[in-house]
Amino acid sequence: MSDRRLKLLLIDPDPIFQLGLRVAVAQIADVQIVESASIPAIALQILTDGLRDPQFINLIVLEVILDIQSARYFSGLQLCRHLKTLYPTLPIFILSSLTEPESLAAIKALGVNGYCPKGTAVSEIVAAMRQVAAGGFYWYGEGSGGEGESESGGVTPFRTLRKNLRLSGFAQINATLAAVTAELQVPGIPLMEKAILAGQRRELLAARWLLSRLLPSVKEVSPIGTSQLTLLNDSLSSPVSDSTSTTIFTSTAAKLQFPLQNLTDEPLEIDIFREDKKRELFHLILRKIESILEDLRFSQVEISELPSKSAAIIKDLWQIVITDFFGRYSTIKVGDRYLEIVELLLLDQSSVQTAIFSKIPLFTEFLAYILFQAPLMIDHLSYQADTPEAMARAELILHNLLIQIANAVVQPLLNQLADLEVIKQNFYDRNLLSTREIERFRNSLSWKYRFNNYITEPVTIFESRYNILVFAPRGIAKIAIYAPRGQELAQLSGIRLLVTLVLEIRDALAPRIQAIVKFLGKGLVYILTQIIGQAIGLIGRGILQGIGNISLREKK
């Protein structure tokens with residue numbers, strides 16, 4: 001590595017560690033952290049954009065303990081496996097607080113090129129990185145010159161005691177760290193409490209680093225046996241196990257951190273919720289979709305069964321989300337009665353089906369893509385599941401599904417319990433708390449349903465497109481995608497059919513009318529310029545000449 005610069009992509013959920021490593025390697029001339037990411041989705045996007053340049057990076061440095069909410073869809077093992085699948089020639093170096101021998105053995109079995117525990121001297125880490133980036137292999141404690149003891153030293157009571165202290169200390173710190181991190185992820189916690197929890201998390205990370213320095217790891221990595229293989233298989237199994245669909249779900253989870261403001265020209269049911277409640281609901285729906293996909297895989301459903309099951313799957317998803325979001329046994333007092341919230345909201349299934357479920361597009365195609373890696377048709381072209389075009393289209397369909405299911409969860413709440421104070425205090429945006437504003441909002445939604453049913457939907461059917469909602473960097477946006485809708489067009493009737501006929505008549509007459517108007521316009525311009533204009537010019541010239549003659553006679 002002496003003849004070229006060591007360029008790193010750092011993937012670590014701890015911004016403090018990222019900053020510390022940047023400062024440490026900044027003193028080394030031939031080492032540069034080109035990019036850093038805290039979640040897998042950002043790292044994958046960086047790789048997708050940057051690897052078009054072969055000199056972009058030559059080493060991935062990865063923390064395999066990804067304990068933040070946005071990374072819930074990847075374990076460290078999954079991410080390693082995914083990176084090795086997509087970029088088999090790009091070396092991976094694990095720089096982690098993970099020390100458990102079985103887990104390290106499972107990671108090593110994936111083909112990871114190097115490992116050092118956090119707390120190792122920077123000089124040793126950099127030397128190991130150079131060795132791995134040059135095509136070599138480095139595993140801390142395996143005769144690599146690290147602080148771990150070799151096997152020749154044997155097992156002594158002191159080593160056993162140190163090992164037990166180290167493992168128990170790490171277990172206690174990691175358990176507490178996980179609990180604190182989980183509390184930090186709860187939406188809507190007070191600012192002061194959030195600051196205290198963030199301070200506790202930093203202290204725990206510092207304690208873990210000190211422990212790794214005071215009690216360095218002892219080499220105990222052995223060949224993979226049955227227990228390690230079981231651990232590896234369990235860690236790699238997930239509701240969405242293949243790399244393509246995992247990328248889609250991870251990317252969507254990352255985009256849920258964007259602002260959730262409505263950027264469209266029409267109201268959405270979820271607009272009435274506070275942003276933290278919107279985000280909580282979207283995360284819940286995404287997890288439930290994964291769970292349903294896992295159930296479908298387990299039941300070994302056939303691809304031919306998906307069209308007949310799609311409606312039932314959406315309905316089940318809606319019921320599960322309502323139950324978990326509001327609480328299966330939650331009650332609310334209305335007048336002198338106590339009502340079961342979930343039972344009351346589920347009564348609106350038929351209206352939700354008509355207004356929302358039946359309008360969710362391409363759900364069957366999405367299931368076939370995720371479950372069976374079926375190609376997706378985009379603009380009359382078929383794209384295989386692992387192509388960027390197919391992945392982008394599937395992600396857009398998933399975005400729209402999340403937003404529409406969220407709307408379907410809120411709609412019965414607005415129908416049944418819209419103006420109850422306890423509901424307003426727990427869920428509503430502060431700008432929509434008054435009874436007047438709530439009624440305005442409901443009226444706007446009512447008009448939207450009518451307009452979409454009689455105008456917008458027939459137009460989109462006639463134009464062979466769908467309007468879908470997606471997560472954009474500034475909020476929730478609406479885009480149009482092409483898809484054939486011939487069968488729906490043939491089934492239109494009444495006012496909806498009349499709208500398409502009006503459009504067709506307009507398309508038929510518009511060119512002719514435009515041609516007539518253009519012709520008349522040219523004629524009018526000719527008359528004004530060539531006839532009237534010239535006549536006015538002649539008259540004006542005659543007047544000027546007459547005035548000139550009069551002046552000449554007066555002088556004479």
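Assorted remarks:
- Some residue of region 486-506 being surrounded by 12 or more Cβ atoms within 10 Å (Cβ to Cβ), closer than 30 Å to Pro259 by Cα and modelled with pLDDT under 90: no
- Qualifying residue in region 297-305 (condition: out of contact with any Phe, Trp or Tyr (no Cβ under 7 Å at 6 or more places or on another chain), closer than 22 Å to Tyr449 by Cβ and modelled with pLDDT of 90 or more): no
- Verdict on Ala312 being at pLDDT 90 or above, in a helix (DSSP H, G or I) and either among the hydrophobic types (A, V, I, L, M, F, W, C) or out of contact with any helix residue (DSSP H, G or I) (no Cβ under 9 Å at 6 or more places or on another chain) (or both): yes
- Region 257-298, subset among the aromatic types (Phe, Trp, Tyr) and in contact (Cβ under 8 Å) with a residue 24 or more places away in the chain, residue surrounded by the fewest Cβ atoms within 10 Å (Cβ to Cβ): Phe258
- Residues that are open to solvent by less than 70 Å² (accessible area, probe 1.4 Å) and part of a helix (DSSP H, G or I), drawn from region 423-434: Ile423, Lys424, Phe427, Leu432
- Some residue of region 488-504 being among the polar types (S, T, N, Q), in contact (Cβ under 8 Å) with a residue 24 or more places away in the chain and out of contact with any Gly (no Cβ under 7 Å at 6 or more places or on another chain): yes
- Scanning region 315-341 for residues that are in a helix (DSSP H, G or I), surrounded by fewer than 19 Cβ atoms within 10 Å (Cβ to Cβ) and without any contact (Cβ under 8 Å) to a residue 24 or more places away in the chain turns up just one, Thr323.
- Subset of region 21-37 (residues that are over 13 Å from Val61 (Cβ atoms) and out of contact with any Ser or Thr (no Cβ under 8 Å at 6 or more places or on another chain)): Val23, Ala26, Gln27, Ile28, Ala29
- Some residue of region 450-462 being open to solvent by less than 30 Å² (accessible area, probe 1.4 Å), assigned to a loop (DSSP other than H, G, I, E, B) and under 28 Å from Glu269 (Cα atoms): no
- Yes/no for Thr354 being open to solvent by less than 60 Å² (accessible area, probe 1.4 Å), within 22 Å of Ala480 (Cα to Cα) and not hydrophobic (A, V, I, L, M, F, W, C): no
- Leu492 vs. criteria within 18 Å of Lys359 (Cα to Cα) and not charged (D, E, K, R): yes
- Residues satisfying the criterion are absent from region 464-482 (criterion: at pLDDT below 85 and assigned to a helix (DSSP H, G or I)).
- When Glu142 is tested against (1) modelled with pLDDT under 65; (2) charged (D, E, K, R); (3) outside any helix (DSSP H, G or I); (4) open to solvent by less than 70 Å² (accessible area, probe 1.4 Å), only condition (1) is not met.
- Filtered residue count, region 343-396, keeping only those that are under 24 Å from Val410 (Cβ atoms), assigned to a helix (DSSP H, G or I) and not hydrophobic (A, V, I, L, M, F, W, C): 10
The values are calculated or read from the model by the stated rules, or taken from the named source; none is laboratory data. Predicted model only: the values in this text are computed from it and were never measured. Note that each Cβ is placed from the backbone with ideal geometry, even for glycine, and that neighbours are counted across all protein chains shown. For the accessible areas, the whole protein counts, side chains as well, though only heavy atoms, and no ligand, DNA or RNA atoms are used. Shrake-Rupley method; radii C 1.70, N 1.55, O 1.52, S 1.80 Å.
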